[in-house]
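To start, the structure under review is shown below, and the notes come after it.
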Amino acid sequence: MARPHRLPAESSKRGTAVSSSSIKIVWIYPDLLSTYGDQGNTIVLERRAALRGIPTETVHVRSDERVPADGDIFLLGGGEDRPQILAAQRLSRDGGLLEAAGRGAVVFAVCAGYQLLGHEFGGEEGQPVAGLGLLDIRSGRGDTRAVGEIVGDVSAELNVPRITGFENHQGVTRLGPSVQPLARVVAGVGNGDGNGFEGAYRGHVLGTYMHGPALVRNPGLADLLLRWAVGQELQPIDDSWAGRLREERLKAVLPS
Ligand code: GLN
C-alpha cells in the first residue's frame, strides 16, 4: 500500500494531520498538457485500483497551482509546443514533481510530458528548451512528424505485454546511458532516433510517445504503475473487455 500521506494543502494548512493509505494520483497541468484524451490515464488507474479494493484520491493541478510533492503517481499528458515550454518552466520553478520523484514517486508521462522530463527538448522553432532532467534523454525536432499507430515490445524486466498506442509528434528523442528504453518498436516510429526504441524509464519514472490513452489500451502498463505505487503484486482482475480493445487495435496495425 502507498505510504501514509497528508491530505492536500488546504487541510494541512488548517493543521489537520489526517493520514490515509489511499493512492494519491496527481494529474499535472490539464490546462496545458492534455491532448488526445490522455486524462483517461487517471480514470483507468482509479478504476483498476478500485477493483482491487485500493482507494485512490485524484488531484487535478492546473499550471497556476502548486504540485503537491506528497503524491504517489504523477501523470503528464501530451501538448502543443508552446504549452509544453510553459509547462516545463512552471514545473521546474515549482519543484514539487522533482521532489516527489526524488523520493521514489511514480511518474508516467506521455509525449510532450515525456520530452520535458529530459535534459532538453526542441521548442516551436526547434530551439533547445531546458527540461527537468528527471530522465537522461534529449529531444530535438525531426524533419517529419510521426503520426499514426504504434506497437512495441516492452523491456523484459518490466513484465508488461506488447503495448499499443497512437503517436503524433515532431520530436525525436535520444536516450542517454542512465535510462532504459521502454520498448522496441514493432510498428510506428517511437523515439525516432534510428535505434528502433520507444519511450524510456529509470526507476519509477517512465515516459512514452503513446497516446490512446496509453493506460486504457494497455492495462499491463497501468498495473505496472500501480504495482510500483503499492510496492507489491496485485490481484488479477477480469480483463476480457480491455483484451478485446487491445486485440482490435493490434489487428488493425499488424494484420496477420
Ligand atoms: N510538441 C511535441 C512534439 O510535437 C509533443 C507533441 C505531443 O505531445 N503530441 O514533438
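Which ones in region 27-64 are of a type in the set (V, I, T) and either away from the ligand (no atom under 15 Å from the Cβ) or touching a helix residue (DSSP H, G or I) at 6+ places or on another chain (Cβ under 6 Å) (or both)? Scanning region 27-64 gives T42, I43, V44, I54, T56, T58, V59, V61. With the condition kept exactly as written, say whether any residue in region 121-132 is under 25 Å from V216 (Cβ atoms) and modelled with pLDDT of 95 or more. No - not one qualifying residue is present in region 121-132.
What are the residues in region 164-216 that are of a type in the set (D, E, K, R) and touching a residue at least 40 places away in the same chain (Cβ under 8 Å), if any? The answer is E167, E198, R202.
Scan region 42-70 for residues that are of a type outside the set (A, V, I, L, M, F, W, C) and assigned to a helix (DSSP H, G or I) and the total you get is 4.
Do the conditions hold for G104, that is, is it modelled with pLDDT of 95 or more, surrounded by fewer than 18 Cβ atoms within 10 Å (Cβ to Cβ) and in a loop (DSSP other than H, G, I, E, B)? Spell out the reasoning first.
On the way: modelled with pLDDT of 95 or more: yes; surrounded by fewer than 18 Cβ atoms within 10 Å (Cβ to Cβ): yes; in a loop (DSSP other than H, G, I, E, B): yes.
Answer is yes for this residue.
Scanning region 71-101 for residues being closer than 22 Å to S21 by Cβ and either under 15 Å from the mean Cα position of the chain (by Cα) or part of a loop (DSSP other than H, G, I, E, B) (or both) gives a total of 7.
A quick yes/no check of all residues on (1) away from the ligand (no atom under 16 Å from the Cβ); (2) among the small types (G, A, S); (3) within 20 Å of Y29 (Cβ to Cβ):
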residue: G104; (1), (2), (3): yes, yes, no
residue: L134; (1), (2), (3): yes, no, yes
residue: R141; (1), (2), (3): no, no, no
residue: R145; (1), (2), (3): no, no, no
residue: F166; (1), (2), (3): no, no, no
residue: Q180; (1), (2), (3): yes, no, no
residue: N195; (1), (2), (3): yes, no, no
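Taking the criterion of being within 16 Å of the ligand (Cβ to nearest atom), hydrophobic (A, V, I, L, M, F, W, C) and without any contact (Cβ under 8 Å) to a residue 60 or more places away in the chain, the residues of region 65-102 that qualify are L75, L76, I85, L86, A87, A88.
Against the criterion of being more than 30 Å from G171 (Cβ to Cβ), surrounded by 21 or more Cβ atoms within 10 Å (Cβ to Cβ), of a type outside the set (D, E) and at pLDDT below 95, A2 qualifies.
The values are calculated or read from the model by the stated rules, or taken from the named source; none is laboratory data. Remember, predicted model here, so these are calculated numbers, not experimental data. All Cβ positions, glycine included, derive from the backbone under ideal geometry; neighbour counts span all protein chains shown.
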